[in-house]
Amino acid sequence: MLQTQQKSCSKSACGCSGSRKTQLRPLGNRVLVRRLEAEQTLKGGIILPDTAKKKQEQAEVIAIGTGSHDKEGKLIPIPVKIGDIILMDKYGGQEITLDDDPYVILRGDDIIAIIEQ
(Lines give C-alpha, C1' and ligand atoms only; values in the text may rest on other atoms or scores of the structure.)
Protein backbone atom coordinates (compact mmCIF):
# COMPACT_ATOMS: atom_id res chain seq x y z
CA MET A 1 0.00 0.00 0.00
CA LEU A 2 1.32 3.41 -0.95
CA GLN A 3 0.91 6.21 1.58
CA THR A 4 1.78 9.78 0.72
CA GLN A 5 1.58 13.01 2.71
CA GLN A 6 -0.91 15.52 1.38
CA LYS A 7 0.41 19.06 1.00
CA SER A 8 -2.09 21.04 3.04
CA CYS A 9 -5.42 20.71 4.72
CA SER A 10 -7.77 23.25 6.20
CA LYS A 11 -8.18 22.09 9.81
CA SER A 12 -11.48 23.87 10.25
CA ALA A 13 -12.94 22.37 7.07
CA CYS A 14 -12.26 18.69 7.72
CA GLY A 15 -11.47 18.50 11.44
CA CYS A 16 -8.19 16.61 11.01
CA SER A 17 -4.77 17.39 12.48
CA GLY A 18 -3.67 19.37 9.43
CA SER A 19 -1.97 16.66 7.37
CA ARG A 20 -3.72 13.84 5.51
CA LYS A 21 -2.25 10.87 3.72
CA THR A 22 -3.40 9.48 0.40
CA GLN A 23 -3.47 5.70 0.45
CA LEU A 24 -3.52 3.57 -2.66
CA ARG A 25 -3.75 -0.23 -2.71
CA PRO A 26 -3.83 -1.96 -6.11
CA LEU A 27 -6.58 -4.55 -6.50
CA GLY A 28 -6.37 -8.00 -8.04
CA ASN A 29 -3.66 -8.46 -10.64
CA ARG A 30 -2.54 -4.82 -10.60
CA VAL A 31 0.85 -3.35 -9.69
CA LEU A 32 1.72 0.26 -8.80
CA VAL A 33 5.11 1.33 -10.16
CA ARG A 34 7.22 4.49 -10.43
CA ARG A 35 9.12 4.94 -13.68
CA LEU A 36 12.87 5.30 -13.22
CA GLU A 37 14.41 8.53 -14.44
CA ALA A 38 15.81 8.47 -17.96
CA GLU A 39 19.45 9.32 -18.56
CA GLN A 40 20.01 13.08 -18.69
CA THR A 41 23.23 12.90 -20.74
CA LEU A 42 24.29 10.80 -23.70
CA LYS A 43 27.67 9.05 -23.93
CA GLY A 44 29.11 11.95 -25.91
CA GLY A 45 28.16 14.43 -23.17
CA ILE A 46 25.09 15.83 -24.93
CA ILE A 47 22.38 16.84 -22.44
CA LEU A 48 18.85 15.92 -23.47
CA PRO A 49 15.92 18.26 -22.83
CA ASP A 50 12.78 16.74 -21.29
CA THR A 51 10.94 16.82 -24.62
CA ALA A 52 13.58 14.65 -26.32
CA LYS A 53 13.63 11.89 -23.69
CA LYS A 54 12.00 8.55 -24.40
CA LYS A 55 9.47 7.03 -22.03
CA GLN A 56 11.37 4.84 -19.65
CA GLU A 57 10.50 1.14 -19.69
CA GLN A 58 12.15 0.43 -16.34
CA ALA A 59 10.20 1.01 -13.14
CA GLU A 60 10.34 0.30 -9.42
CA VAL A 61 7.49 -1.67 -7.84
CA ILE A 62 5.81 0.43 -5.14
CA ALA A 63 2.75 -1.69 -4.25
CA ILE A 64 1.16 -4.93 -5.48
CA GLY A 65 -2.33 -6.38 -5.49
CA THR A 66 -3.33 -9.79 -4.21
CA GLY A 67 -3.06 -11.55 -7.58
CA SER A 68 -5.51 -13.14 -9.98
CA HIS A 69 -7.56 -16.33 -9.82
CA ASP A 70 -7.50 -19.24 -12.23
CA LYS A 71 -10.56 -21.08 -13.56
CA GLU A 72 -10.71 -23.26 -10.43
CA GLY A 73 -10.58 -20.24 -8.12
CA LYS A 74 -6.99 -20.77 -6.94
CA LEU A 75 -5.01 -17.60 -6.25
CA ILE A 76 -2.14 -16.90 -8.66
CA PRO A 77 0.19 -14.47 -6.86
CA ILE A 78 1.97 -11.68 -8.71
CA PRO A 79 5.62 -12.75 -9.24
CA VAL A 80 7.16 -9.43 -8.15
CA LYS A 81 7.71 -7.89 -4.75
CA ILE A 82 7.91 -4.31 -3.52
CA GLY A 83 11.25 -2.76 -4.44
CA ASP A 84 11.85 -4.91 -7.54
CA ILE A 85 13.06 -3.16 -10.69
CA ILE A 86 10.99 -4.34 -13.64
CA LEU A 87 10.85 -3.99 -17.40
CA MET A 88 7.36 -3.01 -18.55
CA ASP A 89 5.54 -2.26 -21.79
CA LYS A 90 6.44 1.28 -22.83
CA TYR A 91 2.83 2.40 -23.18
CA GLY A 92 1.24 -0.14 -20.82
CA GLY A 93 -0.78 0.75 -17.77
CA GLN A 94 -2.65 3.80 -16.55
CA GLU A 95 -0.60 6.86 -15.64
CA ILE A 96 -1.75 8.60 -12.45
CA THR A 97 -0.50 11.41 -10.23
CA LEU A 98 -0.70 11.21 -6.44
CA ASP A 99 0.38 14.26 -4.44
CA ASP A 100 2.32 15.61 -7.46
CA ASP A 101 4.26 12.35 -7.96
CA PRO A 102 3.73 10.36 -11.21
CA TYR A 103 2.97 6.62 -10.98
CA VAL A 104 1.70 3.91 -13.31
CA ILE A 105 -0.84 1.22 -12.45
CA LEU A 106 -0.44 -1.80 -14.68
CA ARG A 107 -1.57 -5.40 -14.85
CA GLY A 108 0.81 -8.13 -13.79
CA ASP A 109 0.70 -9.37 -17.41
CA ASP A 110 2.22 -6.07 -18.60
CA ILE A 111 5.43 -6.84 -16.67
CA ILE A 112 7.95 -8.20 -19.16
CA ALA A 113 10.84 -9.07 -16.82
CA ILE A 114 12.42 -8.49 -13.41
CA ILE A 115 15.83 -6.82 -13.64
CA GLU A 116 18.29 -8.42 -11.25
CA GLN A 117 21.39 -6.37 -10.50
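Tabulated data for the structure shown
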{"read-out": "Hits in segment 31-59 (condition: over 18 Å from residue 116 (Cβ atoms), surrounded by 12 or more Cβ atoms within 10 Å (Cβ to Cβ) and modelled with pLDDT of 65 or more)", "value": "32, 34, 35"}
{"read-out": "Selection within segment 89-117 - under 19 Å from residue 66 (Cα atoms), hydrophobic (A, V, I, L, M, F, W, C) and under 13 Å from the mean Cα position of the chain (by Cα)", "value": "104, 105, 106, 111"}
{"read-out": "Within segment 60-88, considering residues that are loosely packed, with under 11 Cβ neighbours inside 10 Å and either assigned to a loop (DSSP other than H, G, I, E, B) or modelled with pLDDT under 90 (or both), the one farthest from the chain's Cα centre (by Cα)", "value": "72"}
{"read-out": "Selection within segment 89-117 - touching an Asp or Glu at 6+ places or on another chain (Cβ under 8 Å), within 18 Å of residue 27 (Cα to Cα) and surrounded by fewer than 18 Cβ atoms within 10 Å (Cβ to Cβ)", "value": "92"}
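The values are calculated or read from the model by the stated rules, or taken from the named source; none is laboratory data. Just so it is clear, the structure is predicted and the values come from calculations on it, not from any experiment. Note that each Cβ is placed from the backbone with ideal geometry, even for glycine, and that neighbours are counted across all protein chains shown.
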